[in-house]
Amino acid sequence: MTVYLVGAGPGDPELITLKAVEALKKADVVVYDRLANDKILNHAKKAKFIYVGKKAGEHYKSQEEINQILLEEAKNNETVVRLKGGDPFVFGRGGEEMLALLEKGIPSEVIPGITSAVGVPTTLGLPVTHRGVATSLTIVTGHEDPTKSEKQVKWDFKADTIIILMGIGRLEDNTKEIMKYKDPKTPVCVIENGTLPEQRIIIGTLEDIHTKDIKPPALVVIGPVVDIFKKARL
């Protein structure tokens, strides 16, 4: 028995890796997330599908329940694929699932995916680093309030580029905090439904991006690299 922790990539089903496709082809069970493109499931012709998707404020299964599902399915099947949007180890809680499996002596293998934090902006031609403009990059979850007294998320406000995942619900709070360290006119690019046909791009600045009409799922790119993108589009 083996559980494969597989990254499905940023959304476009053609951006999944060949190794991930091979794991899906031999899967007996696929346990998949909301952000894993349904078209990717077509590679798993013989598998049973178990949906465990989550979104803000609405968790279909808790993480503990997901861990238990993986353990039970691994005991009864030769090959289990845990399919996650993006990369399983970039805010995907893949490490927690790996440890839960190891604790029970169940072997696992990680198949990385293209994280949306890098894959989504780069498919647009928005470089997250650029010589002479940005040589440092921070990727952070936007779920946590950066002003609270006891923080788990370590915000690096000095990074040239800041990418916020899952942060639309707290966009105004987060940008207000960032403006304590960066110019309010710092350019911002928000990308909704990255790499998918319904993709939408919203441009603004730290001081006004929260006033735009933005709907999740979306990621936020902050920094002068946004100006490189704007120049390339003209």
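The values are calculated or read from the model by the stated rules, or taken from the named source; none is laboratory data. Note that the structure is predicted; figures quoted are calculated from it, not measured. Here Cβ is always computed from backbone atoms with ideal geometry, including for glycine, and neighbour counts include all displayed protein chains.
Looking across the stretch 206-234, just one residue is in contact with a strand residue (DSSP E or B) (Cβ under 6 Å, 6 or more places away or on another chain) and free of Cβ contacts under 8 Å to residues at least 24 places away in the same chain, and that is LYS212.
Restricting the stretch 193-218 to residues that are among the charged types (D, E, K, R) and surrounded by 14 or more Cβ atoms within 10 Å (Cβ to Cβ) leaves a set whose member that is nearest to SER116 (Cα to Cα) is ARG200. Among residues that are closer than 18 Å to THR141 by Cβ and over 17 Å from the mean Cα position of the chain (by Cα), ASP173 is included.
Using the structure shown, decide if ILE202 is outside the structural domain of LEU15 (by TED's automatic domain parsing), more than 21 Å from VAL90 (Cβ to Cβ) and either out of contact with any Gly (no Cβ under 7 Å at 6 or more places or on another chain) or not in a loop (DSSP other than H, G, I, E, B) (or both). Here the answer is yes, as ILE202 does meet what is asked.
Taking the criterion of being of a type outside the set (D, E, K, R) and either on the phi > 0 side of the Ramachandran plot or out of contact with any strand residue (DSSP E or B) (no Cβ under 6 Å at 6 or more places or on another chain) (or both), the residues of the stretch 80-105 that qualify are GLY85, GLY86, PHE89, VAL90, PHE91, GLY95, LEU99, ALA100, LEU102, GLY105. Among (1) under 30 Å from ALA27 (Cα atoms); (2) in a loop (DSSP other than H, G, I, E, B), where does ASP213 come up short? If we test ASP213 against (1) under 30 Å from ALA27 (Cα atoms); (2) in a loop (DSSP other than H, G, I, E, B), just (1) comes out false.
Residues that are in contact (Cβ under 8 Å) with a residue 40 or more places away in the chain and of a type in the set (D, E, K, R) within the stretch 79-131 comprise ARG82, LYS84, ASP87, GLU97, GLU109, listed in sequence order.
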